[in-house]
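A short write-up of the structure that comes next.
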Amino acid sequence: MQPQVTTKSRTIVYVDGFNLYYGALKGSKSKWLDLQTLFTKLLGERHQIIEIKYFTARVSSRDGDLDAPNRQNAYLKALEAYIPNISIYFGHFLTHDVKARVRNPKNGCPNIVTVIETKEKGSDVNLALHILNDAWHDRYDCVVLVSNDSDLAEALKLVKTEHQKKIGYLVPGQSRHPSKVLMRYQDFMKIIRNSALADSQLPNPIPGTNIYKPESW
């Protein structure tokens, strides 16, 4: 009997960096995360990960955490130095004053106050556009989304209905509920658990470099 030949699925993983951080990594000891190892373990031998696309924005220093940009920069450099098939794409932050209504103002507190609002912009749009553009160019058989942002559902819907691509959905964080909207389009779903994060750490330092894990991590 001839052995059965299994063709691996060409797979691109699209990572919403802030969604992954706040959903699974913040407050943990697993921030020095090796994305290639993590996704290889989660997806298994049926998938050939041809690229990991990581979407984020440059953070700024803030009161009480002046070293945040240096930690982020070290991690991004580590990813690029250690994982040959990763690409990093940047959005940006917008900060502006907004008026906000106070719930149950007391002791002379005004009804309306001015607060500083900071929002990360561009990453979700960039991610959705890359998913769609790569589908049009037939660069993958399977798209794997690492995010819990329901705004990305329309992109998944289009690659499934217009291009008949397989869709994997990796939920960042074992304490989060999967998005019901994203679940409509997935062919398989897995939750990124703490144990998988702990078992998928980059070497320290990165071999052949002077890139070290931040001490506070």
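Points to keep in mind about this one:
- Filtered residues of the stretch 149-172 (kept if in a loop (DSSP other than H, G, I, E, B), over 22 Å from GLY27 (Cβ atoms) and either in contact (Cβ under 8 Å) with a residue 40 or more places away in the chain or open to solvent by less than 60 Å² (accessible area, probe 1.4 Å) (or both)): LYS165
- The set of residues in the stretch 23-66 that are open to solvent by 40 Å² or more (accessible area, probe 1.4 Å), more than 19 Å from ASN85 (Cβ to Cβ) and in contact (Cβ under 8 Å) with a residue 40 or more places away in the chain contains only LYS29.
- Conditions (1) at pLDDT below 95; (2) crowded, with 19+ Cβ neighbours inside 10 Å; number of the one not met by SER175: (2)
- Scanning the stretch 182-205 for residues that are of a type in the set (A, V, I, L, M), within 18 Å of ALA153 (Cβ to Cβ) and either modelled with pLDDT under 95 or not in a strand (DSSP E or B) (or both) yields LEU182, MET183.
- Number of positions in the stretch 119-148 that are within 25 Å of ALA57 (Cβ to Cβ) and assigned to a loop (DSSP other than H, G, I, E, B): 5
- Failed criterion for PRO84 (all others in (1) in contact (Cβ under 8 Å) with a residue 60 or more places away in the chain; (2) open to solvent by 50 Å² or more (accessible area, probe 1.4 Å) hold): (1)
- Lone unmet requirement of (1) under 14 Å from the mean Cα position of the chain (by Cα); (2) modelled with pLDDT under 95 for LEU94: (1)
The values are calculated or read from the model by the stated rules, or taken from the named source; none is laboratory data. Because the structure is a prediction, the values reported are computed rather than measured. Neighbour counts are summed over all protein chains in view; Cβ atoms, including those assigned to glycine, are modelled from backbone coordinates with ideal geometry. SASA here: full protein model, heavy atoms, side chains in, ligands and nucleic acids out. Shrake-Rupley method; radii C 1.70, N 1.55, O 1.52, S 1.80 Å.
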